[in-house]
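This report refers to the structure that appears directly beneath it.
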Amino acid sequence: MADKAEQARQLFLSGANCAQAVLGAFHRECGLDFDAAMRLASGFGGGMGRLREVCGAVSGMFLVANLRRGYSDLSDKEAKDAHYAFIQKLAAEFRAETGSIICRELLGLAPTQSDAPVSEARTPEYYRKRPCADTVALAAAILERNLDS
């Protein structure tokens, strides 16, 4: 397994949410200290604040892509379009591996289910019933394959 994928996996297993795990694995390359990266990604866990929408690993992947390859010239339509194409490529690779980029679908929850805004205790059972350690590793691996291409 690639180094960043294992870093993301270990961050998740240490208590990071999915977005924090992915961004945390790349924080130096993004020009962020670890604390800033954790704060920046903190609201994207659980499919955005446990709303179970876009998977936190995907959000973390997009945060890294934005910081590494995003555009800042607001009048540069070509750069904007190229970046959106890159984001869609990352999402397509993730979806091809997992079947979805939506948290509730990845967790097998009801179509409209979101959860209370209270995080669950990180117990052995929590880790057994979730694919999240694998999804953060996958997101980091996708980034490693694509960031410098």
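The values are calculated or read from the model by the stated rules, or taken from the named source; none is laboratory data. Keep in mind it's a predicted model, so treat the numbers as computed, not measured. So basically every Cβ, Gly included, is an ideal-geometry build from the backbone, and we count neighbours across all protein chains shown. Ligands, DNA and RNA are stripped out before the accessible areas are found, and what is left, the full protein with its side chains, is counted by its heavy atoms. Shrake-Rupley method; radii C 1.70, N 1.55, O 1.52, S 1.80 Å.
Accessible surface for R95 stands near 110 Å², nearest 10, in the context of the full protein assembly shown (1.4 Å probe). Which distance in Å, rounded to a whole number, links the C-alpha centroids of the range 104-149 and the range 68-94? Spelled out, the Cα-based centre of one part sits 24 Å from the other. Taking a sphere under 14 Å around the Cβ of S149 and counting the other residues whose Cβ falls inside, with K and R at +1 and D and E at -1, yields a net charge of +1. Comparing the chain with the 2.2 N^0.38 Å rule of thumb, its C-alpha radius of gyration ratio is 1.01 (two decimals). Taking label points 7 Å from Cα along the Cα-to-Cβ direction, Y127 and A96 give a separation of 3.1 nm.
Distance between the pseudo-spin-label points of L74 and D134 (7 Å out from Cα toward the beta carbon): 4.3 nm. For S149, the solvent-accessible surface with a 1.4 Å probe is about 100 Å², rounded to the nearest 10. Solvent exposure of D134, expressed as accessible area, is near 90 Å², computed with a probe of 1.4 Å over the protein chains only.
Note on L109/E29: beta-carbon distance plugged into 1/(1 + (r/R0)^6) with R0 of 22 Å gives a FRET efficiency of 0.10.
Taking a point 7 Å from the Cα of E144 along the Cα-to-Cβ direction, the residues of the range 25-68 with backbone N closer than 13 Å to it are 25-26. Per-residue extension of 0.36 nm, minus the Cα-Cα distance of E120 and E6, leaves a gain of 38.7 nm for this segment. For the chain, the longest principal axis of the Cα atoms and the long axis of helix 56-69 meet at an angle of about 20 degrees.
Over the chain, DSSP H runs of length four or greater, each weighted -39,500 (n - 2.57), average out per residue to a 222 nm ellipticity of -18500 deg cm²/dmol. The GNM of the chain, with springs linking C-alpha atoms under 10 angstrom apart, assigns the highest mean-square fluctuation among A37, A139, A82 to A82. Note: relative contact order over the range 19-149, using C-alpha pairs below 8 Å and six or more positions apart, is 29 percent.
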